[in-house]
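To start, the structure under review is shown below, and the notes come after it.
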């Protein structure tokens, strides 16, 4: 029997982003065994284009999407988006095209603003947002706070909580070794080097901790627009011997970095559910993270790591110092992290949930189409 075709819209699969990781995991999971998944790239990342060619692509892409839907007889369009201005308006066009073609739409939100805050206090734009969020056949969110917010904002809409998940097996094989009490604790960060990731507060907090005699080192893995300025700040803060920049890490290099890490440092201002946190916890690396997005859903404060407020360098310093001073607590957290990911955040569980959701939406869409004849 021919597998139903589902179009999965999202960024370039090689991009350094959580959404790209999500797409790659789904496309390699059992979901691809039950549905014919076709990835369609949206967004500029991974493209070598001028401003004019980007505009031409944006204008032409909704037409191209309709052509693919009709040519491949797609039974579902799975939009992977975020509630920010650029993604919302771009993906709204794709959603309208899919609905015009009679194809069910799954609208998955990977972070961004909560809908109540997206247009601020503007009543007319907020009403427009509410109307457009009624267009998809289902909305998927990553965090409990988002689930509550979307259900309040669009009563009657089908909103589901399906947190990101990972392939736990590669991380389970990593051995954890207790670091000697007189050795510096090794903190790591993995992700984009962007201002909203809280890296400036992270470095200032790390400098405060080192200034009070805390024995720690920090390794930063990733790339992004703030890299040059962050390196300059490291020099200004006198951290050149304590902080190193590794560039992006993938595959075995990522596993090696986590195998040698004691704690993961993540001070972002806003998130959905960062894969870097799931991967670190799977490797037995406790996290110091801001209380944003779905992070509190995964990390119990004091059990799997320490939760801190955003934009607070002193809180970063206090958390770094606490873990350096209490190695027994760190060891207990490490075991708890691994149990947490193995039990609740495996890709097998997520793929099974998406299989059920895809099947339900395809069946409802087919029944609706037949009812029109």
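Couple of notes before you dig in:
- Positions within the stretch 2-33 being within 16 Å of residue 274 (Cα to Cα) and either free of Cβ contacts under 8 Å to residues at least 24 places away in the same chain or not assigned by TED's automatic domain parsing to the domain that holds residue 80 (or both), in sequence order: 20, 24
- Number of positions in the stretch 212-231 that are at pLDDT below 95 and part of a helix (DSSP H, G or I): 0
- Against the numbered list (1) in the same structural domain as residue 331 (by TED's automatic domain parsing); (2) under 23 Å from the mean Cα position of the chain (by Cα); (3) surrounded by fewer than 16 Cβ atoms within 10 Å (Cβ to Cβ), residue 192 comes up short only at (3).
For every residue, the table says whether it meets (1) out of contact with any helix residue (DSSP H, G or I) (no Cβ under 8 Å at 6 or more places or on another chain); (2) under 23 Å from residue 34 (Cβ atoms).
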position: 88; (1), (2): no, no
position: 96; (1), (2): no, no
position: 105; (1), (2): no, yes
position: 122; (1), (2): yes, no
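The rows are residues; the columns are (1) under 24 Å from residue 292 (Cα atoms); (2) not in a loop (DSSP other than H, G, I, E, B).
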position: 124; (1), (2): no, yes
position: 128; (1), (2): no, yes
position: 136; (1), (2): no, no
position: 146; (1), (2): yes, yes
position: 150; (1), (2): yes, yes
position: 156; (1), (2): no, no
position: 163; (1), (2): yes, no
position: 177; (1), (2): no, no
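- A count restricted to the stretch 175-199 and to residues that are touching a residue at least 60 places away in the same chain (Cβ under 8 Å), in contact with a helix residue (DSSP H, G or I) (Cβ under 8 Å, 6 or more places away or on another chain) and farther than 16 Å from residue 285 by Cβ stands at 2.
- Only one entry in 230, 237, 218, 265 is farther than 11 Å from residue 199 by Cβ, surrounded by 13 or more Cβ atoms within 10 Å (Cβ to Cβ), in contact (Cβ under 8 Å) with a residue 24 or more places away in the chain and in the same structural domain as residue 206 (by TED's automatic domain parsing), namely 237.
- Cβ pairs under 7 Å, 6+ apart, first in the stretch 106-134 and modelled with pLDDT under 95, second assigned to a strand (DSSP E or B) and surrounded by fewer than 20 Cβ atoms within 10 Å (Cβ to Cβ): 110/82; 111/82; 112/82
- Within the stretch 259-269, being in contact with a strand residue (DSSP E or B) (Cβ under 7 Å, 6 or more places away or on another chain) and over 19 Å from residue 203 (Cβ atoms) holds for one residue alone: 260.
- So residue 48, is it without any contact (Cβ under 8 Å) to a residue 12 or more places away in the chain and surrounded by fewer than 13 Cβ atoms within 10 Å (Cβ to Cβ): yes
- Exactly one residue out of 302, 293 is surrounded by 23 or more Cβ atoms within 10 Å (Cβ to Cβ) and in the same structural domain as residue 197 (by TED's automatic domain parsing), and it is 293.
- Tally, over the stretch 257-297, of residues that are under 15 Å from the mean Cα position of the chain (by Cα), part of a loop (DSSP other than H, G, I, E, B) and closer than 17 Å to residue 344 by Cβ: 5
- Test: residue in the stretch 34-41 that is without any contact (Cβ under 8 Å) to a residue 24 or more places away in the chain, surrounded by 15 or more Cβ atoms within 10 Å (Cβ to Cβ) and closer than 28 Å to residue 251 by Cβ: no
- Residue, farthest from the chain's Cα centre (by Cα), within the stretch 311-333, restricted to residues that are in a loop (DSSP other than H, G, I, E, B) and surrounded by fewer than 16 Cβ atoms within 10 Å (Cβ to Cβ): 326
The values are calculated or read from the model by the stated rules, or taken from the named source; none is laboratory data. The shown structure was predicted, so the numbers you read here are calculated from the model rather than taken from an experiment. No Cβ is skipped: glycine too gets one built from the backbone with ideal geometry, and neighbour counts run over all protein chains shown.
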